[in-house]
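> Before I ask anything, let me first share the structure, which is written out below as structure tokens.
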Amino acid sequence: MSTYVNRLGADTPLIGESPEGTAVAVWSLDTTLDVVGGHRIEEALPLLDTGEQERAGRLLRAGDRHRYLASHVGLRVLLGGYLGLAPQEVVLVREDCPCCDGPHGRPAVAGGAVQFSLSHSEDLAYLAFAAVPVGVDVEAVPSAAAVADVLNTLHPAETAELSALPAQERAGALARLWSRKEAYFKGTGTGLALGLAEPYVGSGPTPSPVPGWHLTDLPAPAPYAAALALRT
């Protein structure tokens with residue numbers, strides 16, 4: 001399945017109908033923008049709930065805080081469009097964790113009318129919306145040191161694949177693999193609680209099949225990789 005990536009910019013977006021069935025809508029966002037979806041980021045705090053405002057306040061670096069606010073304003077603009085609500089009227093909750101049943105599982109909309117996933121890396125955010133559980137991830141190509149740090153925590157076959165590549169190709173292959181794995185973890189809500197070894201997703205040109213999920217790479221600008229996981 002080839003998935004088109006819409007671009008959310010400064011203007012109010014034309015959003016369309018909420019996805020149904022196995023349809024999915026994916027958006028990208030430059031999180032350095034001063035205006036997102038018609039809203040100035042420096043005036044955005046009233047659009048967010050208390051939890052989002054507190055998390056933004058804990059970010060000490062101005063750039064990190066701006067990127068966080070931009071991505072969450074974008075999320076609320078798009079969710080509000082799909083739900084027919086103003087951005088500040090969207091109520092976000094946490095599902096129960098599938099590992100321990102604690103209240104820190106996947107972020108969700110109260111009532112579950114639309115499923116969503118948000119990921120950001122450096123200056124880029126990806127957002128996905130569907131009628132079924134969905135995960136999206138975008139990753140900047142890591143450093144050689146980061147590749148070495150995680151190489152032996154992956155599935156043994158993935159470690160072998162990356163180790164067999166020329167050194168200059170490993171970082172790009174890991175970004176591709178990592179985005180696939182993170183998209184799956186975001187979709188299931190487990191996060192990294194169960195480690196990085198499973199499932200095997202592969203580092204080749206296309207993801208390895210994962211039972212119960214459709215996993216696909218997404219178009220992404222250099223130097224990023226992105227992927228989507230949709231429950232089937």
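> Considering the convex hull of the alpha carbon atoms of region 57-189, report its projected area averaged over all viewing directions, in nm², one decimal.
Projected over every direction and averaged, the Cα hull of region 57-189 covers 9.8 nm².
> Let me ask something else about it. In degrees, nearest 10, range 0 to 90: what is the angle between the Cα axis of helix 167-188 and the longest Cα principal axis of the chain?
Value to nearest ten degrees: 50.
> Something else about it: Using a 1.4 angstrom probe, figure out how much accessible area the chain has per residue, in square angstrom, rounded to the nearest whole.
On a per-residue basis, the chain sits at 48 Å².
> Here is a follow-up. Please identify every one of the trypsin sites (Lys or Arg not before Pro) in region 1-81 that sits in a loop by DSSP and has no more than 14 other beta carbons within 10 Å of its own beta carbon.
ARG58, ARG61
> Can you give me the distance in nm between label points at VAL35 and ARG65, each placed 7 Å from the Cα along the Cα-to-Cβ direction?
2.3 nm
> Can I ask one more? What's the extension gain from GLN168 to THR232 if we count 0.36 nm per residue and subtract their Cα-Cα distance?
Using 0.36 nm per residue and subtracting the Cα-Cα distance, I get 19.5 nm.
> Could I ask something else about it? Identify, among GLY38, LEU162, LEU194, the residue whose Cα sits farthest towards the positive end of the charge dipole of the chain, taking +1 on the Cβ of Lys and Arg and -1 on the Cβ of Asp and Glu, with the dipole about the Cα centre.
About the Cα centre, the residue reaching furthest to the positive side is LEU162.
> With +1 on each Lys and Arg Cβ and -1 on each Asp and Glu Cβ, how big is the dipole of region 2-129 about its Cα centre, in debye rounded to the nearest 20?
180 debye
> Viscosity 0.890 mPa s, temperature 25 °C: what is the translational diffusion coefficient of region 17-111 from Stokes-Einstein with a Kirkwood Rh over Cα pairs, rounded to a whole number of µm²/s?
169 µm²/s
> Could you work out the Rg to Rh ratio of the chain, with Rh taken as the Kirkwood radius (inverse of the mean 1/r over all Cα pairs)?
Taking Rh as the inverse mean 1/r over Cα pairs, Rg/Rh reads 0.96.
> Do any chymotrypsin sites (Phe, Trp or Tyr not before Pro) in region 1-83 lie in a loop, going by DSSP, with at most 12 other beta-carbon atoms within 10 Å of their beta carbon, and if so which?
Answer by residue number: TYR4.
> Quick one: Kirkwood hydrodynamic radius for region 141-204, alpha-carbon pairs, angstrom, one decimal?
The answer is 11.7 Å.
> Output needed: percent of Cα pairs per 5 Å distance bin for region 100-141, bins running from 0 to the one holding the longest distance.
Final binned percentages: 5, 22, 24, 20, 17, 9, 3, 0.
> Another question, if that's okay. To the nearest 500 deg cm²/dmol, what mean residue ellipticity at 222 nm is calculated for the chain from DSSP H runs of n ≥ 4 alone, each contributing -39,500 (n - 2.57), summed and divided by the residues?
Calculated mean residue ellipticity at 222 nm is -9500 deg cm²/dmol.
> Let me ask another. Take the alpha-carbon centre of region 9-44, take the same for region 181-232, and report the distance between them in whole Å.
Using only Cα atoms to place each centre, the spacing works out to 23 Å.
> Roughly how big is region 85-232's charge dipole about its Cα centre, with Cβ charges of +1 (Lys, Arg) and -1 (Asp, Glu), in debye to the nearest 20?
Rounded to the nearest 20 debye, it is 200 debye.
> Something else about it: How long are the three semi-axes of the equivalent ellipsoid of region 121-162, in whole Å, if each is the root of 5 times an eigenvalue of the C-alpha gyration tensor, listed from largest down?
So the three semi-axes of region 121-162 are 26, 16, 6 Å.
> Please work out the FRET efficiency for the pair ALA23 and LEU194, using the Cβ-Cβ distance as r and a Förster radius of 35 Å; give the result to the nearest 0.05.
0.75
> Express as a percent, rounded to the nearest 5, the fraction of DSSP beta bridges in the chain (both residues included) that run antiparallel.
Of those bridges, close to 90 percent are antiparallel.
The values are calculated or read from the model by the stated rules, or taken from the named source; none is laboratory data. Here the structure is a predicted model, which is why all the values come from computation and not from measurement. For neighbour counting, all protein chains shown are included, and Cβ atoms are generated from backbone atoms with ideal geometry for every residue, glycine included. Note: accessible area is taken over every heavy atom of the protein model, side chains too, but ligands, DNA and RNA are not part of it. Shrake-Rupley method; radii C 1.70, N 1.55, O 1.52, S 1.80 Å.
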